[in-house]
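A short worksheet on the structure shown next.
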């Protein structure tokens, strides 16, 4: 499974929903959404600053993660940024992979 970081920010309407339902309700809803797509949620945190919520989860594929992010964004209640996360071991594998690349103009 691949690991993803979501950085989410509520719109005004979305924040009204959080005020009405509470934080644990949102965490439960997101965890259920992730599980329904075959994934697992590692962490869910509210925050101060640029984003309102940070979520780390695992999904079987990029397609599953993209489907969730697209549907969340389409709700209009949240803007979401998805980042694929790599483990240190995956970076080790990448450094051991031979790549034939020609820079522009070379």
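Since every read-out is calculated from the coordinates, none of them should be taken as a lab result. Computed from a prediction, not measured in an experiment: that's the story for all the values here. Don't worry about glycine lacking a Cβ; one is built from the backbone with ideal geometry, like all the others, and counts go over all protein chains shown.
If the label point is 7 Å along Cα→Cβ of residue 83, which residues in region 1-37 have backbone nitrogen under 13 Å from it?
4-8
Mind checking the angle between helix 62-74 and the chain's longest principal axis? C-alpha axes, 0 to 90 degrees, to the nearest 10.
On a 0 to 90 degree scale, this one is about 40.
Taking the Cβ of each residue in 101, 10, 45 as the centre, tally the other Cβ atoms inside 10 Å and list the residues starting with the fewest.
Result, fewest neighbours first: 101, 45, 10.
Could you line up 46, 59 from fewest to most neighbouring Cβ atoms inside 10 Å?
46, 59
I'd like the orientation of helix 12-21 relative to the chain: the angle between its Cα long axis and the longest Cα principal axis, in ° from 0 to 90, rounded to 10.
Taking the Cα atoms of the chain, the angle to 12-21 is about 60 degrees.
Using only the alpha carbons, work out the radius of gyration and Dmax of the chain in angstrom.
16.9, 59
Tell me the angle of helix 23-36 to the major Cα principal axis of the chain, expressed in degrees between 0 and 90 and rounded to the nearest ten.
That helix lies at roughly 50 degrees to the long axis.
I want to verify a result. In a Gaussian network model of the chain, Cα cutoff 10 Å, which of these has the top mean-square fluctuation: 35, 12, 93?
For the chain, modelled as a Gaussian network with Cα springs under 10 Å, the answer is 93.
Tell me the relative contact order for the chain as a rounded percent, counting alpha carbon contacts under 8 Å between residues six or more apart.
RCO, the chain: 40 percent.
I'd like the distance between the alpha-carbon centres of region 69-103 and region 1-65, rounded to an integer number of Å.
17 Å
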